[in-house]
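Notes for the one structure printed next.
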Amino acid sequence: MRLSISAKIFTGFLVVLGTFGAVATYSAITMRNLGDELRLVTRGYLDLRLQVSELYTQQTNLLKELEQLAKEGPARARLVKPDLDAARRVRLMKLPKILDQVSNLDTLRGSPEEHALLNQVRARLSRVQGEFRSDEELFDEAFGPIGDLSMLTTDPERLRPPRERLWRQEEAIRKHLSNLSVELKLRSEQASLRLAREEDRAVWLALLLAVIALVVGVTVMWIATRMLRPLRTLAERAKEIARGDYKQRVDESAPDEIGALGREFNAMASALDEREQRLIRSERLAAVGKIAAQITHEVRNPLSSIGLNAEMLEEETEGEAKKLARAIVKEVDRLTEITEQYLRFARLPRPKLEREDLGTIVSSLLSFLRQELEGRGVRVEAHVDPSLPQVAADEHQLRQALLNLLRNAADAMVDGGQLTMTARQVDERTVELIISDTGEGITPEDLPKIFDPFFSTKEGGTGLGLALTQQIIVEHGGKIEVSSEPGRGTTFIVSLVAAQPSPQQTTVVGARVA
């Protein structure tokens with residue numbers, strides 16, 4: 001499917017828009033992922049590590065208070081016991097908050113490794129929480145319930161076993177918290193390094209995509225400029241045509257609107273060139289007609305006098321003088337015929353167009369020329385479409401034009417040949433008459449000049465026959481075209497205007513003359 005210029009430009013715009021949209025989307029997704037990673041590191045691992053570190057510090061302080069309580073006497077222990085109770089309450093309240101923070105971190109977007117690590121941290125903290133709760137019984141047994149100071153006066157030897165067990169378990173908890181804090185620290189450092197690598201990779205990839213988008217944009221702009229470049233050429237050619245150079249043409253091979261515009265431009269230039277040539281030819285013919293009329297007027301009367309005197313001289317003389325007089329009369333007759341041709345050319349009236357049957361005219365002409373053509377060894381074949389419509393023509397002038405073409409064709413076939421006439425309907429408004437011969441043909445150098453007045457390739461020709469023929473065809477609203485190859489004959493195509501059909505029109509069947 002061929003795309004129009006607007007569709008191509010719109011497609012290029014969509015490509016550029018899609019490219020930049022993809023770059024923007026990738027950048028947005030990358031920034032969001034980096035933001036999630038950053039939040040996971042800053043608000044996640046660092047904060048979690050800080051909470052676990054505080055819990056570890058509190059656990060260390062708790063162990064110190066236990067050691068101090070074990071060494072101090074009852075009076076001093078009463079001062080330390082409230083701090084121990086406060087540490088017990090704080091750690092029981094703090095650990096659930098840390099677990100909630102781990103759950104919140106797990107809701108953030110992350111890799112499966114992140115979720116596995118957080119599940120591991122949650123399991124270890126839950127284990128510590130269970131140990132906290134189980135140690136509360138040992139606390140009550142070794143130092144009494146929270147707020148109870150009565151156990152401080154109990155025999156220290158009796159309380160030694162539960163206090164030692166409590167110390168060992170609390171020390172194990174402290175080690176768990178220490179290991180967990182170290183792991184979180186390592187994880188935070190790894191996440192920071194990975195975040196830095198991801199940031200560098202995202203920056204370079206974003207730059208690469210931006211460069212690709214820029215290249216795509218420049219490429220699309222170059223393609224659009226290249227597609228529209230013929231318009232600049234078309235404008236320059238139009239300026240040249242406006243200056244009078246109708247030979248300008250543009251490339252019309254593009255399968256889009258520019259190609260169609262180029263074809264229309266070339267058709268317009270050809271029409272203008274043809275009209276210009278026609279105008280030049282008409283002015284030339286008018287000038288030639290005036291000169292011909294003037295020369296003929298000045299020459300015809302003396303020629304008549306010379307011819308009359310030469311005939312009288314021929315009658316009065318004998319021998320060699322009689323032959324000379326006869327030659328003078330013959331040349332005078334030839335000059336008289338030439339002057340008549342000049343007069344017909346100069347005084348050609350405007351045609352009186354009537355409905356005429358082209359098949360009848362062709363048959364009549366061929367019958368009239370049959371003996372002459374057969375004498376020259378020319379075989380004639382005519383093909384006339386039986387349904388051929390009538391044409392708008394001046395019969396006398398049209399016969400004269402076709403007679404010129406037939407005689408020119410016969411003159412071109414010196415040793416005889418084939419003359420073919422074909423009459424056919426091209427469309428509702430045009431009828432074509434094609435006259436082909438197998439004569440010598442016309443050279444490419446002479447072909448553009450054959451319709452010029454006084455140009456002839458025949459010895460002794462006046463060069464007015466084809467000029468007069470073209471003038472008649474053009475006055476009829478038609479046109480005449482010619483194609484020829486040296487040694488392969490010549491073809492004239494005469495286009496005439498078909499007459500509008502009427503109810504009284506009858507069908508005339510064309511003849512075939514062989």
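FYI, it's all coordinate maths here, none of it is from the lab. The model shown is predicted, which means the values in this text are computed figures rather than measured ones. Cβ: placed from backbone, ideal geometry, glycine included. Neighbour counts: every protein chain shown.
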Between L14 and L50, what FRET efficiency comes out of the Förster formula 1/(1 + (r/R0)^6) with R0 = 56 Å and r the beta carbon distance, rounded to 0.05? 0.65
Separation of the D411 and S305 label points, Cα + 7 Å toward Cβ, nm: 3.1
Got a sec? How would E54, E372 order by Cβ neighbour count within 10 Å, fewest to most? E372, E54
For the pair R194/A28, report the inter-label distance in nm, with labels modelled 7 Å from Cα in the Cβ direction. 2.6
Relative contact order in percent for the range 377-507 (Cα pairs under 8 Å, 6+ apart) equals 30
Which of the lysines could a cross-linker span from K352 if the Cα-Cα distance has to be under 20 Å and same-chain partners fewer than 8 positions apart are dropped? K479
Which far-off residues, 5 or more places away or on another chain, put their amide H under 5 Å from the one on Q390, with H placed in the peptide plane? A499
Calculated FRET efficiency for the pair I223/S253, C-beta based, R₀ 22 Å, to 0.05: 0.80
Going from the fewest other Cβ atoms within 10 Å to the most, one would list L398, L272 as L272, L398
Using 7 Å Cα-to-Cβ label points, what is the Q500/Q400 separation (nm, one decimal)? 2.8
Between E274 and T430, what is the FRET efficiency for a Förster distance of 22 Å, r being their Cβ-Cβ separation, to the nearest 0.05? 0.85
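Could you line up H176, H396, H383 from fewest to most neighbouring Cβ atoms inside 10 Å?
Ranked by crowding around the Cβ, least crowded first: H396, H383, H176.
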Specify whether the C-alpha gyration tensor of the range 220-285 places it in the rounded, prolate or oblate class, a ≥ b ≥ c being the square roots of the eigenvalues: rounded for a/c under 1.5, otherwise prolate if a/b is larger than b/c and oblate if not. prolate
